[in-house]
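Chemist: Mind having a look at this structure? Questions to follow.
The values are calculated or read from the model by the stated rules, or taken from the named source; none is laboratory data. Every value quoted in this text rests on a predicted model; they were computed, and no experiment measured them. Note: ideal-geometry Cβ built from the backbone for every residue, glycine included; neighbour counts use all protein chains shown. Just the protein is used for accessible areas: all its heavy atoms, side chains included, with ligands, DNA and RNA removed. Shrake-Rupley method; radii C 1.70, N 1.55, O 1.52, S 1.80 Å.
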Amino acid sequence: MRTFPDDLVRAQLSWSATYRQLADRPGRTELRRRLYLLSAQAFFHPYWQQRRPNPAAWWELRELGRTAGDVSERLPR
């Protein structure tokens, strides 16, 4: 398993929680905007400049967001 930087993991956790919130309340513009910003934050993170992202690395990062539990209560609604 890879070791990802803490801020990249936090961005992925926030992305996962925001995605779940958007699934519960579709059409919320503020959630779509937040999801877009978090996607860009994760995709353009400096970690990926050091190594080329591959599907396995993205899968591992997304799994961290899924298995960390529901953090949606800690995010602004």
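Chemist: For the stretch 35-51, which residues satisfy the criterion of being open to solvent by less than 80 Å² (accessible area, probe 1.4 Å), within 14 Å of ASP7 (Cβ to Cβ) and assigned to a helix (DSSP H, G or I)?
Modeler: Going residue by residue through the stretch 35-51, those that are open to solvent by less than 80 Å² (accessible area, probe 1.4 Å) are 35, 38-40, 42, 45-48.
Cutting the leftovers down to within 14 Å of ASP7 (Cβ to Cβ) gives us 38, 40, 42, 45-48.
Matches in the stretch 35-51: LEU38, ALA40, ALA42, TYR47, TRP48.
Chemist: Among the residues of the stretch 23-34, how many are aliphatic (A, V, I, L, M) and surrounded by 12 or more Cβ atoms within 10 Å (Cβ to Cβ)?
Modeler: Initially, the stretch 23-34 is screened for residues aliphatic (A, V, I, L, M), giving 23, 31.
If we keep only those that are surrounded by 12 or more Cβ atoms within 10 Å (Cβ to Cβ) too, we end up with 31.
Here the count works out to 1.
Chemist: Just need a number here: residues in the stretch 6-37 that are modelled with pLDDT under 90 and in contact with a helix residue (DSSP H, G or I) (Cβ under 8 Å, 6 or more places away or on another chain). Before you say what the answer is, go through the steps one by one.
Modeler: Taking the stretch 6-37 first, the residues modelled with pLDDT under 90 are 25-28.
Next cut, in contact with a helix residue (DSSP H, G or I) (Cβ under 8 Å, 6 or more places away or on another chain) only: 25, 28.
The qualifying residues number 2.
Chemist: Which residues, taken from the stretch 52-66, are open to solvent by 100 Å² or more (accessible area, probe 1.4 Å) and either touching a Lys or Arg at 6+ places or on another chain (Cβ under 9 Å) or part of a helix (DSSP H, G or I) (or both)?
Modeler: Step one: of the stretch 52-66, the residues open to solvent by 100 Å² or more (accessible area, probe 1.4 Å) are 52, 55, 59, 66.
Selection gives PRO55, TRP59, ARG66.
Chemist: Within the stretch 4-22, is even one residue outside any helix (DSSP H, G or I), among the aromatic types (Phe, Trp, Tyr) and open to solvent by less than 100 Å² (accessible area, probe 1.4 Å)? First the steps, then the outcome.
Modeler: Applying the first criterion (outside any helix (DSSP H, G or I)) to the stretch 4-22 yields 4-5.
Among the residues that remain, those that are also among the aromatic types (Phe, Trp, Tyr) are: 4.
Those left that are additionally open to solvent by less than 100 Å² (accessible area, probe 1.4 Å): 4.
Yes, the stretch 4-22 has at least one match.
Chemist: Show the residue pairs that are 6+ apart or on different chains and have beta-carbon atoms under 9 Å apart, the first residue being within the stretch 7-20 and more than 14 Å from LEU31 (Cα to Cα), the second being basic (Lys, Arg) and open to solvent by 10 Å² or more (accessible area, probe 1.4 Å).
Modeler: What qualifies is GLN12/ARG62.
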